[in-house]
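Below is one structure, written out as structure tokens; the observations come after it.
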Amino acid sequence: MNAPGKPPAKTRFDTIGKPRRRVDGRAKAIGELRFADDLVLPRMLHAKLLRSPHPHAVIESIDAARARAHPGVHLVLTGDEFPVPYGIMPVAQDEHALARGKVRFVGDPVAAVIAADEHTAAAALELIDVSYRPLDTIASPEEGLAKPEPRIHDYGEQGNIHRNQAYEFGDVEAALAKSAHVFEDLFFYEGNTHLPMEQQAALASIEGDGKLLLASSTQNPHYLHRQLARVLQMPAARIRVIATPNGGGFGGKCDPGNHEFVVAKAALVLGRPVKICLTREEVFYQHRGRHPVLMKFRTGVDARGKLTAVHLQTLLDGGAYGSHGPASTFYTGVLTPVTYELPRFKFEACRVFTNKPACGPKRGHGTPQPRFGQEVQLDKIAVKLGLDPAELRLSMVTKPDSLTASWLRVGSTGLAQCIHKVVEMSGWKARRGKLGAGRGLGLACSAYMCGAGVSIYWNKMPHSAVQLLLDRSGQVTVYCGATELGQGSDDVLASLVAEALGIDPGWIRCVTGDTGITPIDLGSYSSRVTIMMGNAALQAAGKVREQLAAAAAEQLNTLPERVVFSQDRVFAGENPGNTMTFVEAVALAETKFGTISAVGSYAPPKAPGKYKGAGVGPSPAYSFSACVIETEVDAKTGWVTVPKVWIAHDIGRALNPVLARGQVIGGVYMGLGEALMEEQAFRRLPPKLSGALVHRTPSILEYKSLTSLDMPEVEVALIEDPDPNCPYGAKEVGQGPLLPVMPALANAVYDAVGVRVDEVPITPDKVLRALEKKAKGELPRVGPESFPAVPYPQATFVLPPSEGGDGSEAKEGRKAA
Amino acid sequence: MNRVRMTLRVNGEEQEVLFATYKTLLEVLREELNLTGTKHGCELGECGACAVLVDGEPVLSCLELALQCEGRDIQTVEGLARGTELHPLQAAFADCGGSQCGYCTSGMLMTAKALLDKEPAPSRERIKEAISGNLCRCTGYQQIWEAIEQAAQRLRTEAKA
């Protein structure tokens, strides 16, 4: 018999692996699903935020008397009502729901009006008189490094440096000195934003029992719950957060938002429901998207092109607040050694505050930037050494069950299969370099984590928990704090429990994302839900199954371990004719044991690294992807067209291939947007206006993203090599497949017209500039030309596993090793 | 505030509604008639999430004043299903992965319906063109094209039967 709670091993599946309509598919197709802004309550009021027109200024005074007197206005809030700061990370509690003392970017919320309707609230915002004293502004990290004063925040490493860190795994300079070739390249990755179709919305109300209820389009109800308790100075048990189904998140709804605290506070003050929905322009200013990152790669290779060492330096433009910044800073480097064998690695990273909307986590969180750099550099290395870029990569993919130089444990890997697959699908060998003028193929690979190994706040409790409740009707209710963003987490939950209990997923009712009802799951971020929620669900289902099997075995005259659950029936394995319905089995179990319920929980395995900082990067498993992109480049206009994309993703096991394929194509889509057109960029207004740093394109029309007409056909291969740490072997698919897209595109542009654009987005003007350089006989490259002097700290030195040590910092004898 | 009382025909039913004259069709549908299946993503006519059919043509309801809709035939996602049975487009979106977060789905469905009403066998290029004003951030569009093709096939089969 299985150990308690251990899910039954299965080789044949009823549900898993079969293309299936997702459990919430019907509700979405009939317009029945209620998003946050679809919620309406009696006596509901509406909130609007007054936002700063200055990028950096001291608030000298706020006079809201006229707004308070405006007919229809119920309440005006300012920073005075929000003395307690918040932030998603314990080390970056640097935001207030409404600004106190100063504003840090154009769009920083300063005051809120709660009125009978949105129009009245908007009109009353105009009646709030705020007196600002403008301060000097910081527009870029380079400027932030050069100008330590005025400080945007009074915390951080120094001046306007928020985070600054350095790690070295083995003596990198020594390895570079011994390498056959050393390549040095600079790359720049422009910021971009999530642009979820749903604008953030939240509705706060006081429930009948006096508790606060906030229904919000949040990806992380648990973290929001904790932050609400902190900011509102209330016991968390008197607050309930419901994460409404998100109309897309992509990381943009991970941070607690100003608007959420404002409506919660207003509901508490007024005793009435208060709703807010951000305008699309406000969503651009709320942001928390991709950090602009400048990168320098110094990479050593041996005579056959295999990596000997990488020295990676990154410089992040953090925007005005901490957000996930401390984690983002790590992620611009820590996953670099997971894709290819890398004997030694040095990684220095610095995040600088600037007077722009805060950057944070977007699909791939910090990883797309260095992935772009490394994969384009590998292409250059292959060209220089006359190697096939696919073969070069195949020669050095990380091995299964190996440790990286930085002490990350790589478990299963299907990367080699992914590369073989895209090479085959795309006709790489026959077609690369032979497509004729203006047409090309590019290849790139990547790895991503299946959930962060540690929680955002330090604790040793489970990362996910699932509760199952069954009754004699045969109904199976599954409770979990995970949030449905569209990625299909409810379907994953239902399909895993259905498989474990041998029933159709349609029997199952999912109750998710409600801190008042569901056990805690940390949230829908970091590609963690399938693995962590899934393992918790299988543990709970395994316990329930044992009870059902014990009760059914008596009736079936067999042993519990021989009871089989399949196709809504329960039967004796040795005699399938000896059978009962699932409903009968539940009734027998309820008779024998009382109410049938079980909980399961999951915490990731302990990571091997012991040095300070080793907590970022470890994951129960890593997914891998390889991608080939075909381009057509118009030499007259610089326009890049993408006729076709081939991508293979090592998913471990596809629980529902329709959803898995959808995540892969969606990742390719978003990656192509980042590669070709999407930019969250800012410009200064002329000094005579204000010198403010304003968003260049805060509207969907001007912020370019791919339409249906721009999107190429994508051919997807799912590589299934089940991972033992994952539920039925299933790894992540939500984020990984985006990562190889940008570099594959850049490499395809090179194959097409022989120019390098070492920054994204690769817009026609940059392609044309590179082509002009090529025509003049200059280096045919557009990209960053210099890397500033960043005062990185002394690196934490750790010996790689292959060189001894135990994963701790080597305080002495560094060179002796 | 100027208000107007008007009869609107929505999904084949006449509804008397009182609304402020500045309200868009989107606002009247969502706020006065509680038909929240129609979504908004920008309220500036940029994203297509709010598309409904007016006299059979896809219209961005965030740009249309409700005042202009008197006597016209308005169709929203709530009127698409045939009783308890999903419209073939709805079934295909659910089965093919044409809907991930579901937020753009209503606008996509209504735009696709307008296409298939006029062109029962559109090419993939025509499908791409028809929905090019409806943005989707989740799917990468491909499973939407496939869903529309599957629905078109089923509608043609139904028409022959």
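What follows draws every value from the coordinates through simple rules; no lab data is involved. Keep in mind it's a predicted model, so treat the numbers as computed, not measured. So basically every Cβ, Gly included, is an ideal-geometry build from the backbone, and we count neighbours across all protein chains shown.
How high is the relative contact order of the stretch B:3-79? Use alpha-carbon pairs under 8 Å, at least six apart in sequence, and give a whole percent.
So the answer I get is 36 percent.
Go through the stretch A:689-701 residue by residue and turn each phi into a ³J(HN,Hα) via Karplus (6.51, -1.76, 1.60, θ = phi - 60°); whole Hz please, and just put x for glycine and proline.
7, 4, x, 5, 8, 10, 5, 5, 9, x, 8, 5, 5
Amide H of A:R756: which non-local residues (sequence gap of 5 or more, or other chain) have their own amide H closer than 5 Å, using H built in the peptide plane?
It is A:R781, A:V782, by chain and number.
Can you order the peptides A:106-112, A:493-499 by their average number of other Cβ atoms within 10 Å per residue, highest first?
Ranking, from highest mean packing down: A:493-499, A:106-112.
Test of understanding: ordering A:E198, B:E27, B:E119 by Cβ neighbours within 10 Å, fewest first, what list do you get?
By the 10 Å Cβ count, ascending: B:E119, B:E27, A:E198.
Report, as an integer, the average count of C-beta atoms from other chains found within 10 Å of each Cβ along A:656-668.
Counting Cβ atoms of other protein chains within 10 Å of each residue's Cβ and averaging gives 4.
Please identify the GluC sites (Glu not before Pro) of the stretch A:71-136 that satisfy two criteria: DSSP loop assignment and at most 13 other Cβ atoms within 10 Å. Which are they?
Those satisfying the criteria are A:E126.
Setting aside same-chain residues fewer than 8 positions from A:K434, which aspartates and glutamates have a Cα under 19 Å from its Cα?
Straight-distance partners of A:K434: A:D379, A:D388, A:E391, A:E424, A:E630, A:E632, A:D634, A:D751.
What order do you get for A:Y167, B:Y22 when you list them from fewest to most C-beta neighbours inside 10 Å?
Least crowded to most crowded, the residues run B:Y22, A:Y167.
Counting only other chains, and only Cβ atoms inside 10 Å, what mean value do you get across the residues of B:20-33?
Mean inter-chain Cβ contacts per residue within 10 Å come to 1.
For chain A, just run the numbers: alpha carbon Rg, then divide by 2.2 N^0.38 Å, N being how many residues it has.
Taking N as the residue count of chain A, the ratio is 0.97.
Put a dot 7 Å past each Cα toward the Cβ at A:F13 and A:A236; how far apart are the dots in nm?
With each label point 7 Å from Cα toward Cβ, the separation is 3.4 nm.
Once fully extended, how much extra length lies between A:Q567 and A:K147, figured as 0.36 nm per residue of separation less the alpha-carbon to alpha-carbon distance?
144.5 nm
May I ask you to sort B:D55, A:D521, A:D117 by Cβ crowding, counting other Cβ atoms within 10 Å and putting the fewest first?
By the 10 Å Cβ count, ascending, the order reads B:D55, A:D117, A:D521.
Taking N as the number of residues in the stretch B:57-113, what is its alpha-carbon radius of gyration divided by 2.2 N^0.38 Å?
1.25
Quick check on the protein assembly as shown: helices-only [θ] at 222 nm, where DSSP H runs of length 4 and up contribute -39,500 (n - 2.57) each and the sum goes over total residues. Nearest 500, please.
-8000 deg cm²/dmol
What distance in nm separates the two pseudo spin-label positions at A:A174 and B:K160, each 7 Å out from Cα along the beta-carbon direction?
7.5
So what's the convex hull volume per residue for the Cα atoms of the stretch B:1-124, in Å³?
Hull volume over Cα atoms, normalised by residue count, gives 111 Å³.
Say the dipole of chain A comes from +1 at the beta carbon of Lys and Arg and -1 at that of Asp and Glu; which of A:T518, A:V563, A:F624 then lies farthest toward its positive end?
A:F624
Given Cα positions, please report Rg to Rh for the stretch A:49-189, the hydrodynamic radius being the Kirkwood one.
1.20
Using Cα centres only, tell me the gap between the stretch B:130-161 and the stretch A:60-124 in whole Å.
45
Take every DSSP beta bridge with both residues inside chain A and express the antiparallel ones as a percent of the total, to the nearest 5.
For chain A, the DSSP antiparallel bridge percentage is about 75.
Separation of the stretch A:481-554 and the stretch A:565-586 by C-alpha centroid, Å?
That distance is 22 Å.
Considering only DSSP beta bridges whose two residues both sit in the stretch B:3-79, what percent are antiparallel, to the nearest 5?
Antiparallel bridges: around 90 percent, rounded to the nearest 5.
With charges set only on the Cβ (+1 for Lys and Arg, -1 for Asp and Glu), what does the dipole of the protein assembly as shown come to about its Cα centre, in debye to the nearest 20?
1440
Cα-Cα pairs above 23 Å in the stretch A:461-602: how many percent?
I get 32 percent for the Cα pairs in the stretch A:461-602 exceeding 23 Å.
How crowded by other chains is B:101-113, given as the mean number of beta carbons from other chains within 10 Å of each beta carbon?
Other-chain Cβ atoms within 10 Å of each residue's Cβ, averaged: 6.
Could you work out the relative contact order of chain B? I mean the mean sequence separation of Cα pairs under 8 Å and 6+ apart, divided by the number of residues, in percent.
Reported as a whole number, the value is 22 percent.
For the stretch A:272-332, what does the convex hull of the Cα positions come to per residue, in cubic angstrom?
Normalising the Cα hull of the stretch A:272-332 by residue number yields 139 Å³.
Which is farthest toward the positive dipole end of the protein assembly as shown among A:S489, A:L135, B:Y141, measuring Cα position about the Cα centre, with Cβ charges +1 (Lys, Arg) and -1 (Asp, Glu)?
So the residue furthest toward the plus end is A:L135.
Compute the relative contact order of chain A as a whole-number percentage, counting only Cα pairs closer than 8 Å that sit 6 or more residues apart in sequence.
17
Roughly how many whole Å is it from the C-alpha centroid of the stretch A:643-707 to that of the stretch A:195-221?
Measuring centre to centre over Cα atoms gives 26 Å.
What ratio of Cα Rg to 2.2 N^0.38 Å holds for the stretch B:88-160?
That ratio works out to 0.98.
For A:Q555 and A:D209 in one chain, what is 0.36 nm times their gap in residues minus the Cα-Cα distance, to one decimal in nm?
Value of the extension gain: 120.0 nm.
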